[in-house]
Structures are given as structure tokens and as C-alpha cells.
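The next block holds one structure in the form of C-alpha cells; read it before the comments.
Every number here is computed from the coordinates shown, using simple stated rules; none is lab data. In this text, all values refer to a predicted model and were calculated from it rather than measured experimentally. In this analysis, Cβ positions are derived from the backbone assuming ideal geometry, glycine residues included, and neighbour counts consider all displayed protein chains.
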Amino acid sequence: MAALCGLVTANAAEITRDGNAVFLSGPIEAKDLKTFHDAVGNDEKLTVYLSSPGGEVHPATMIGVLIRDRKLATMVPAGATCASACALIWMAGLPRKLGTRSRLGLHCYRLGLTATECYEPGRAEQELYLKDMGAPPPVAAIPQEVGLPMVWLSPQKDLVITEKDIREIREAVCAFAMAGGWVDVKGECAPR
């Protein structure tokens with residue numbers, strides 16, 4: 001079976017390849033960057049299917065850079081969850097897709113801090129990465145600004161996310177934050 005699907009495993013995430021599909025599931029660790037690179041090879045017409053609670057940020061962003069450089073599509077399959085560092089990988093896709101009732105969880109960069117406390121140097125790095133991936137910088141700031149540990153997106157039907165959609169998500173979360181009386185200390189929710 002492993003020979004048929006091109007199975008490649010790491011300590012944390014399981015990374016498999018089947019034709020033009022690459023599947024990444026499980027927590028992301030440092031070793032996963034090489035494993036992912038080996039699974040992708042030199043191919044460019046691939047879709048990366050993601051199902052992960054997150055994990056280490058550095059390998060996730062490096063996987064994201066590889067995905068963006070190769071212009072690979074990313075997809076969170078129907079019913080699957082992609083959160084935290086996994087969402088950083090998903091952001092790199094061209095295009096980015098969410099399956100029906102999938103869950104995408106976004107939050108700011110944390111280093112064992114409280115659920116709503118962000119690590120400022122990591123936050124700046126995360127915002128730069130997201131900008132490079134085509135997302136507006138406020139996307140990374142939204143969870144901290146509204147006082148939520150995680151912002152979840154869960155479409156009721158298959159969805160391809162565009163840059164316009166990301167702006168609308170930001171606006172919706174900001175409207176929710178302002179209606180709830182949260183303070184927008186960084187000005188991220190100011191009209192643009």
C-alpha cells in the first residue's frame with residue numbers, strides 16, 4: 001500500500017502523496033519540512049490537503065513558502081480542521097479552498113503565553129509572512145484585537161477564498177469586536 005500512495009511519514013505529521021494530491025495531517029514539527037519537500041518533489045500541479053491542529057511555526061511557514069513558490073493549491077477537506085500553524089500553510093495556496101463544514105482556525109503567534117496573549121516579535125514576523133502570502137496584515141492581528149483565542153471560519157458549502165474574502169472576514173470580525181465593546185488599541189479595525 002505504501003508504494004502505491006507514495007507514503008512518507010514524519011514523527012508528527014503524516015505526509016502522503018497520491019497522484020496530484022499531497023495530504024498533510026497531524027501536528028507539524030521541524031522534520032516535516034524535509035518530508036513535505038520529498039513528497040512534493042519537483043511537481044507543480046498539485047493540491048495540498050490539510051488536516052492539522054497546527055504545530056511549529058517555522059516549518060509551517062517554510063512549507064508555505066514552498067507551496068507559494070510552486071503555485072500549489074491548498075484545501076481543507078470537508079469536515080476537516082486546519083488551525084494555527086496549519087492555517088499559515090493554507091494561506092500560501094493558489095488557490096485556497098475550504099470544504100463544506102471544514103474549520104480554519106486563525107490566531108496570533110504565541111509562545112506558551114495565555115490564550116489571548118500574543119508574542120509581539122513573532123506577531124510582526126507572522127504578519128510579514130501573511131503579507132507575502134497575499135493576505136492583508138490585519139488578518140494576523142484580528143484574534144488579539146478582539147480578545148479571542150482563535151477565530152474560526154467554517155463554510156456551509158465548498159468555498160474558494162479570494163483576497164476580497166479575506167478583507168470581508170476582517171471587516172466582519174472587526175464589526176463583531178466593536179459591537180462587543182472591545183478596544184481596538186492598534187487601530188486594526190479603523191475604516192480603510
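Working note: Karplus 6.51/-1.76/1.60 with θ = phi - 60° gives segment 57-67 the couplings 5, 4, x, 5, 5, 5, 4, x, 4, 4, 4 Hz, where Gly and Pro are set to x. If you take all other residues with their beta carbon under 12 Å from the beta carbon of Ile15, and give Lys and Arg +1 and Asp and Glu -1, the sum is -2.
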